[in-house]
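Notes follow once the structure below has been shown.
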Amino acid sequence: QQPESGGMSVMCTLMREYGYLEDDVFIADTLFGNLLAQTHPEIIVGYHAWAKPFVNFLRNHVIFIPLFAYITQAWAYEMAEQFGVTKNRSTFSRLLGKIVMNVGKPVCGFIGKTILSMQGKYEYHRT
């Protein structure tokens with residue numbers, strides 16, 4: 001039986017469908033997405049804003065999927081390690097995963113906050 005993403009995963013779902021992501025990493029991705037949806041929903045909103053149209057593009061231009069699979073794998077493995085799922089991977093893949101994680105979350109958060117504020121659903125509270 002294959003795990004369901006619950007709608008949080010977009011890129012990882014596509015990569016799993018094409019055989020670029022293992023089930024244990026996909027399950028960790030699903031857990032991570034659910035956690036973000038609870039703690040930082042603006043990140044999920046921002047991620048979905050660009051990832052859903054991009055996945056639609058990739059589904060229509062599958063020749064590009066292997067190129068983006070490497071980047072998605074690097075992110076997914078980095079995220080999965082936070083849930084105790086470790087994979088043997090290169091130093092470059094580890095570095096790329098950390099970069100994608102540390103750049104992607106704030107960028108998606110900014111996009112999500114912008115979208116939600118335009119909808120009147122987000123207020124910035126300085127702490």
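Filtering 21, 31, 36 for residues that are out of contact with any Pro (no Cβ under 8 Å at 6 or more places or on another chain) and either modelled with pLDDT of 95 or more or closer than 23 Å to residue 66 by Cβ (or both) leaves a single hit, 21. Answer with yes or no whether residue 16 is on the phi < 0 side of the Ramachandran plot and modelled with pLDDT of 90 or more. Yes, satisfied.
Name the residues in the range 56-79 that are among the aliphatic types (A, V, I, L, M) and farther than 15 Å from residue 104 by Cβ, would you? Working first, answer last.
Keep residues of the range 56-79 that are among the aliphatic types (A, V, I, L, M), which gives 58, 62-63, 65, 67, 69, 71, 74, 76, 79.
The answer is 58, 62, 63, 65, 67, 69.
Residue-level check: of (1) open to solvent by 50 Å² or more (accessible area, probe 1.4 Å); (2) within 14 Å of the chain's Cα centre (by Cα), residue 83 misses just (2). State yes or no: is residue 114 modelled with pLDDT of 90 or more, open to solvent by less than 30 Å² (accessible area, probe 1.4 Å), part of a helix (DSSP H, G or I) and among the β-branched types (Val, Ile, Thr)? Here the answer is no, as residue 114 does not meet what is asked. Just one of the numbered conditions (1) more than 27 Å from residue 120 (Cβ to Cβ); (2) free of Cβ contacts under 8 Å to residues at least 40 places away in the same chain is not true of residue 53: (1).
Looking at the range 63-76, is at least one residue within 20 Å of residue 113 (Cβ to Cβ) and of a type outside the set (Ser, Thr, Tyr)? Looking for residues that are within 20 Å of residue 113 (Cβ to Cβ) and of a type outside the set (Ser, Thr, Tyr), one finds none in the range 63-76, hence no. With respect to the conditions (1) of a type outside the set (Gly, Ala, Ser); (2) under 12 Å from the mean Cα position of the chain (by Cα); (3) open to solvent by 70 Å² or more (accessible area, probe 1.4 Å), residue 53 falls short on a single one, namely (2).
Could you tell me whether the range 57-75 includes any residue that is among the basic types (Lys, Arg), open to solvent by 50 Å² or more (accessible area, probe 1.4 Å) and out of contact with any strand residue (DSSP E or B) (no Cβ under 7 Å at 6 or more places or on another chain)?
Applying the first criterion (among the basic types (Lys, Arg)) to the range 57-75 yields 59.
Subsequent filtering for residues that are open to solvent by 50 Å² or more (accessible area, probe 1.4 Å) retains 59.
Still in the list and also out of contact with any strand residue (DSSP E or B) (no Cβ under 7 Å at 6 or more places or on another chain): 59.
Checked the range 57-75: at least one residue is among the basic types (Lys, Arg), open to solvent by 50 Å² or more (accessible area, probe 1.4 Å) and out of contact with any strand residue (DSSP E or B) (no Cβ under 7 Å at 6 or more places or on another chain).
The values are calculated or read from the model by the stated rules, or taken from the named source; none is laboratory data. Remember, it's a predicted structure, so these values are computed and weren't measured experimentally. Please note: Cβ atoms are built from the backbone with ideal geometry, for glycine as well, and neighbour counts cover all protein chains shown. Protein only, heavy atoms only, side chains kept; ligands, DNA and RNA dropped before computing areas. Shrake-Rupley method; radii C 1.70, N 1.55, O 1.52, S 1.80 Å.
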